[in-house]
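Here's the structure, in structure tokens; my notes come after.
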Amino acid sequence: MTKVLNVDALPEPSVLKRVKRRRPGLLVANAIVLVLAAMAITTIFTNPRFEWETVGKYFFEIRVMKGIGVSIGMTAVTMVLSLVCGTVVALMRMGGSRLMSNVAAAFIWVFRSIPMLVQLLFWYNLAALFPTLSLGIPWGPRFVTFDSNSVIGPLTAAIIGLTLHETAYIAELIRSGLLAVPDGQRQAASALGLTPAQIFFRITLPQALRVIVPPMGNELISLLKATSLVSVITLADLLYSVQLIYAKNFQTVPLLIVAAIWYMIITGAITLLQQRLERRLGRHTLISADKAGKAKRIEHSV
């Protein structure tokens, strides 16, 4: 026999009391995490071998600050050059020319395969292969000739090596973002009479940036940390600056802590900028998606 539910007998929603679900496993896990965190913090600030006085003494030391400037400058210049070159390589990879697509694919394969440290050492020692560099007509006369050692110093070698390495990765990030935009939206926008440039900047790019920006932020942070590798070619970045200091006073651990804290501060600033950019792009993407939706509806009506 089927029972009929009496709706009038149910209590009012305001009378109902919300009962939290008990999760003893989660409480135990939280307690363990808190204990471990307290142990780590206590160890860090009570162990005298960390020598926090020395850390504070050298935290704003002039050589450290100059090294920070070199690291940030290299990161900014390399990122700008990599974005430009990566965009070109990505468009070549997606273009209609099979030759350009294969060349771009070969470029990505080569510079993603070779470790960054190897590339830095190679460009730093380029003079062993080419003692002189010249400008002129291919297989023809040379107009200007330069000494390789005078042209490619430590800073130039670092920027070339970092840029080529990052270009290969950024090209794939940009290509993945462009491919994530449905092709039907571009076709619908074209049916509305938009030019290819308008389609790219108004429809494709705003939506692709939502896919590109998060991994691009990670790539920027990785690039910042990778600048520490230039210390092997005697370029005075942040890491090399603290190495020069502790080579004289033998305070290795405190000065490495100085470098680590500065890297964390810069990384935190980049993360905040990335989050603000993602929120800003989110608003623009909603507008672009609305335009794309209108374009699709017009396309279906046609």
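The values are calculated or read from the model by the stated rules, or taken from the named source; none is laboratory data. Worth saying up front: this structure is predicted, and the values here are computed from it rather than measured. Counting neighbours? That spans all protein chains shown, and the Cβs are built from the backbone with ideal geometry, glycine included. We work out accessible area using only protein heavy atoms, side chains counted, and drop any ligands, DNA or RNA first. Shrake-Rupley method; radii C 1.70, N 1.55, O 1.52, S 1.80 Å.
Go through (1) at positive phi; (2) under 14 Å from the mean Cα position of the chain (by Cα) and name the single condition Gly193 misses.
Result: Gly193 fails condition (2) only.
Filter the range 206-231 down to the residues that are among the hydrophobic types (A, V, I, L, M, F, W, C) and open to solvent by 20 Å² or more (accessible area, probe 1.4 Å) and list them by number.
Passing the criteria: Leu209, Val211, Met216, Leu220, Ile221, Leu229.
Report whether or not Thr87 is hydroxyl-bearing (Ser, Thr, Tyr) and surrounded by 20 or more Cβ atoms within 10 Å (Cβ to Cβ). It would help to see each step written out before you state the result.
Values: hydroxyl-bearing (Ser, Thr, Tyr): yes; surrounded by 20 or more Cβ atoms within 10 Å (Cβ to Cβ): no.
In short, no.
Thr234: closer than 30 Å to Glu53 by Cα, touching a Pro at 6+ places or on another chain (Cβ under 9 Å), of a type in the set (Val, Ile, Thr) and open to solvent by 10 Å² or more (accessible area, probe 1.4 Å), yes or no?
Judged against the criteria, Thr234 is a match.
Can you tell me how many residues within the range 176-186 are open to solvent by 20 Å² or more (accessible area, probe 1.4 Å) and under 22 Å from Cys85 (Cβ atoms)?
Narrowing the range 176-186 to residues open to solvent by 20 Å² or more (accessible area, probe 1.4 Å): 176, 179-180, 182-186.
Adding the requirement that they be under 22 Å from Cys85 (Cβ atoms) leaves 176, 179-180.
Within the range 176-186, residues that are open to solvent by 20 Å² or more (accessible area, probe 1.4 Å) and under 22 Å from Cys85 (Cβ atoms) number 3.
At pLDDT 90 or above, basic (Lys, Arg) and closer than 24 Å to Val118 by Cβ: does that describe Lys248?
no
Is it the case that Val213 is modelled with pLDDT under 90 and either in a helix (DSSP H, G or I) or touching a Cys at 6+ places or on another chain (Cβ under 9 Å) (or both)? Let's see the steps before the verdict.
Working: modelled with pLDDT under 90: yes; either in a helix (DSSP H, G or I) or touching a Cys at 6+ places or on another chain (Cβ under 9 Å) (or both): yes.
Here the answer is yes, as Val213 does meet what is asked.
Within the range 158-175, identify whether any single residue is loosely packed, with under 15 Cβ neighbours inside 10 Å and closer than 23 Å to Leu81 by Cβ, and answer yes or no.
Within the range 158-175, not a single residue is loosely packed, with under 15 Cβ neighbours inside 10 Å and closer than 23 Å to Leu81 by Cβ.
Answer yes or no as to whether Gly140 is free of Cβ contacts under 8 Å to residues at least 12 places away in the same chain and over 30 Å from Thr87 (Cα atoms).
For Gly140, the condition - free of Cβ contacts under 8 Å to residues at least 12 places away in the same chain and over 30 Å from Thr87 (Cα atoms) - is met.
Residues of the range 19-67 being in contact (Cβ under 8 Å) with a residue 12 or more places away in the chain and outside any helix (DSSP H, G or I), which ones?
Listed by number, the residues that qualify are Glu51, Phe59, Glu61.
Table: residues versus (1) among the small types (Gly, Ala, Ser); (2) under 19 Å from the mean Cα position of the chain (by Cα).
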residue	(1), (2)
Thr87	no, yes
Met92	no, no
Leu99	no, no
Phe111	no, yes
Met116	no, yes
Gln119	no, no
Trp123	no, no
Ala127	yes, no
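Taking the range 51-74 only, how many residues are of a type in the set (Phe, Trp, Tyr) and open to solvent by 50 Å² or more (accessible area, probe 1.4 Å)?
2
Scan the range 187-205 for residues that are open to solvent by 70 Å² or more (accessible area, probe 1.4 Å) and in contact (Cβ under 8 Å) with a residue 12 or more places away in the chain and jot them down.
Gln187, Ala191, Leu192, Arg202, listed by residue number.
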